[in-house]
Each structure stands twice: as structure tokens, then as C-alpha cells.
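Student: Below is one structure. I have some questions about it.
The values are calculated or read from the model by the stated rules, or taken from the named source; none is laboratory data. Note that the structure is predicted; figures quoted are calculated from it, not measured. Neighbour counts are summed over all protein chains in view; Cβ atoms, including those assigned to glycine, are modelled from backbone coordinates with ideal geometry. Side chains are part of the model used for accessible areas, which takes the heavy atoms of the whole protein and leaves out ligands, DNA and RNA. Shrake-Rupley method; radii C 1.70, N 1.55, O 1.52, S 1.80 Å.
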Amino acid sequence: AWSNSFGSLNDTASVHMYDGATHFQSTFTSIYNQMVTDNVARTMSVSWSCAEVSGGQFPCDNPTRNTQHSIFNNMVGLGWSLVASSGDAGAFGNCKNLGVQFPANAWRTSRPNVVAAGGTELAEFNGPIFSSEIGWVGDTVAGSCAKNNGGSTGGCSIDYAAPSYQ
């Protein structure tokens, strides 16, 4: 577990896992709302995301992003730390058009809500010990972005301006 409990220092931390029945963005909106309603954690880590740009795999429309952004604002206001996968599509958030994944790579005004976490892979092994690690570069298997070899997403949001300190 990432954080301590709300009880005694002798208590152990607990992990609360939320599952959805579908991969639809409405399911994730419900999950995020339930997390805030339950109010039993202060850290969210999610590996699911959607493309800011339309088309391709798992796009999400602007109203959905705005609704989820409001939920994330609420979480941050309550003291939550939010971490999300940066995505698997390289610079092409929907595997077709230049764009980023939401929520990890989206910003509003001058403060971030969600920390983007990109993947890595172990590159070299020497017996049971690895000797190097590199940024994940994806693959060309079904579901990945064959034209750009995938990898962690990054870039400029179409919805949210970069903070002034960037």
C-alpha cells in the first residue's frame, strides 16, 4: 500500500480496489464518483485512459472529460494524490492522430490534477538480477499502434493549457 491508514500509527494501510463491468467512460465516471463518496483513501492509481482526440481506440468526448476533471478537482481538494497511466499510443493518443491520453496528460489552468506515469521494461538480465531498465516503447501486436510502435504517451493537451511553470 502507498499510504498510511486513517487510524493509529500501528494500523496497517489498506488498498481499496474498484472494478467496473465495462470499459466505457461512463463506468469510469461512476467509479471515480464512488471513490469520492466512499472517502476511504487519499491516493488513486488508474491504468485506464482515453484519447482526447476522437476516433481510434477508447476516445472520450469533451463532456465526459469535463465531468471526470470536476471529480478529480474534488479529489485534489480533499487531499488526494492522483496517478494515471500515460497511455500506450506514443504521441498518437488514439493511434491515428497526434494527441494525448486523458486524464494523465491533461492540465487545467496552472495546476496539474493527475501525475502521468509512463511504463518501463527491464532491458538486460544477468541471471536473476536485471542490470538496466528503459522507457517502454510498445509493440506492434493487435491493439497497439503499429504505425508508431506505441510506447508511453506524452504531448500537449487539446483541452488544457500547460501550467505557467512548464
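Student: Looking at this structure, is Val83 open to solvent by 10 Å² or more (accessible area, probe 1.4 Å), at pLDDT 75 or above and either β-branched (Val, Ile, Thr) or in contact with a helix residue (DSSP H, G or I) (Cβ under 9 Å, 6 or more places away or on another chain) (or both)?
Tutor: In short, yes.
Student: Residues in region 120-141: is at least one polar (S, T, N, Q), assigned to a loop (DSSP other than H, G, I, E, B) and either modelled with pLDDT of 70 or more or open to solvent by less than 40 Å² (accessible area, probe 1.4 Å) (or both)?
Tutor: No - not one qualifying residue is present in region 120-141.
Student: Cβ contacts < 7 Å: first residue within 16 Å of Thr64 (Cβ to Cβ) and without any contact (Cβ under 8 Å) to a residue 24 or more places away in the chain, restricted to region 26-39; second residue open to solvent by 20 Å² or more (accessible area, probe 1.4 Å) and outside any helix (DSSP H, G or I), any location; separation 6+ or different chain. Result?
Tutor: Thr27/Gly20; Thr27/Ala21; Ile31/Tyr18; Ile31/Gly20
Student: Which number in (1) modelled with pLDDT of 70 or more; (2) open to solvent by less than 80 Å² (accessible area, probe 1.4 Å) marks the one condition that Ala13 misses?
Tutor: Evaluating Ala13 over (1) modelled with pLDDT of 70 or more; (2) open to solvent by less than 80 Å² (accessible area, probe 1.4 Å) leaves (1) as the failure.
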